[in-house]
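Working notes for the structure below.
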Amino acid sequence: MQIVHSKPKQPLSLLQRKLGNAWAKHAIEHNPDEQGWWTLRIRDLAEDVGFDSNNRQYLKESAEALMRIVFEWDVIATSPKRPWKASVMFPEVEIHADVIRYQISSQLRQLIVKPEIYALIDMNVVRRFRRASSLAIWEFCVRFEKIGHTAEVRWEEFRDMILGETAEAKTYQEYKYFKAKVLKPAIAEVNAASNLRIELVEAKLGKRVAALRFQLEKKAEAQAAVDDSKVLEMIGELVNLGLPQSEVRRLAKDHGLEELRAALEYTRRRMTDSRAGKLEKPAAYFRHALQHRYAMPVAEARPAPAPKVDLREAYLESQLGEAERYFKELDAEDQAALIERYNAQAIAPLRLKKRTTKAAEAGFRRWLVQDTWGEPSSEELLDFAQRMLAAKS
């Protein structure tokens, strides 16, 4: 399992980590040609890693950067006699019209092309990650799935395995910053998006954290209500869109597959509409589409009176209760991730703490409304105005 514990000499981007996993997985499932090249269709690669296959320039730049990254490997072996080895993992890459071709380092080929190592890599899980550090930690943990805990690693060594050796500089020289900025959000994402539930265990020398490991628990299989293969596929697509896994599981129970598919297709059409500009929050747009059944045939709406100046505020106020219910239905890990994101942008008096204030709670609920559903569209404000008028009549 030497290659499992490789250490890049510089940081890997999220796409580079996904590419490396996809290429290694493809290599154990297919033989190379006589010259030692593996060939993979770009369309299949894009599906594996959740990448826009039309953005060839970004793919080219990521592949080229991956070719230049040197990996030191077998970095946590305990034997003092082990040989030190370092190599570029993918030394040759070619991109043609519809395929990508690559070679694997002769030093590492026999270590990478081992089913017992890479058979555990599930590309359905890989494509869900939004942080390179989360994917790196999951890669590290998944190899120990059958044992139930990872090996213990000096925290500095683990930092470099996750972020590259350049992480030794500046910000992450102290463990408390590495834990707050990297470990905590990454662990929350692993627990929300992957097939594992992990818990950080710190080994201390006196009061100082010296090393760390992870306790692992494989999540139970999806419940009977959502274990149809088509529903599971839909769950993966929605997580990839940016929704927390606990929310998606609930949506799969509360809505029919056709309803979810219609809202997802409606969202995707909006994402690819070049005339409408970039969709900043696809997950929020999907929630709107599902909630208001945008993709479903609806009766023609009656013209509504022009909204008042305070209509937006009234609409946001009306969503506070729904936002609170939504938050309570999430898993603890998803809740913690949302609170962390809120606190990162909130001013000090409005941050949520163990002993929090009513003002902080109100600020969080207002933020949660906009983070979950986005800024209300003109159609939603008009619909809200109609419902307000109907309630008064």
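5 Å is the cut-off here: which amide hydrogens, built 1.01 Å from N in the peptide plane, fall below it relative to VAL99, excluding neighbours closer than 5 in sequence?
ILE42
Using θ = phi - 60° and the Karplus form 6.51 cos²θ - 1.76 cosθ + 1.60, what ³J(HN,Hα) does each residue of segment 154-162 get, whole Hz, x for Gly and Pro?
After applying 6.51 cos²θ - 1.76 cosθ + 1.60, I find 3, 5, 5, 5, 5, 4, 6, 5, 7 Hz.
What FRET efficiency, computed as 1/(1 + (r/R0)^6) with R0 = 41 Å and r the Cβ-Cβ distance, is obtained for ILE95 and ALA314, rounded to the nearest 0.05?
0.20
So how far apart, in nm, are the two label points at GLU258 and TYR58 if each is 7 Å from Cα heading toward Cβ?
3.5 nm
In sequence order, what are the phi-derived ³J(HN,Hα) couplings for segment 284-294 according to the Karplus relation 6.51 cos²θ - 1.76 cosθ + 1.60 with θ = phi - 60°, rounded to whole Hz, with x for glycine and proline?
Result, ordered by residue: 5, 5, 4, 4, 4, 4, 6, 5, 9, 6, 4 Hz.
So who's got an amide H within less than 5 Å of the one on VAL70, skipping anything under 5 residues away but keeping other chains? H placed 1.01 Å off N, in plane.
Under 5 Å from the amide H of VAL70: LYS9, GLN10.
Between ILE347 and ARG208, how many nm apart are label points set 7 Å from Cα along the C-beta direction?
Taking the two extended label points, one gets 4.0 nm.
Taking the simple approach of a point 7 Å from Cα along Cα-to-Cβ for both GLU152 and ARG41, what is their distance in nm?
Placing both labels 7 Å beyond Cα along the Cβ direction yields 5.0 nm.
Can you tell me which of 236-242, 328-334 comes out highest on packing, and rank the rest after it, using the mean Cβ neighbours within 10 Å? Could you put the intermediate results ahead of the total?
Working: 236-242: 19.4, 328-334: 15.6.
Packing proxy ranking, top to bottom: 236-242, 328-334.
Pull up all non-local amide H partners of ALA210: gap of 5 or more, or a different chain, and H-to-H distance under 5 Å with H placed in the peptide plane.
Sorted by chain and number, the residues that satisfy this are ALA203, LYS204, LEU205.
Quick note: the coordinates plus some simple rules give every number you see, no bench work behind them. From a predicted model like this one, the values you see are computed outputs, not experimental measurements. Cβ atoms come from the backbone with ideal geometry, glycine included; neighbour counts cover every protein chain shown.
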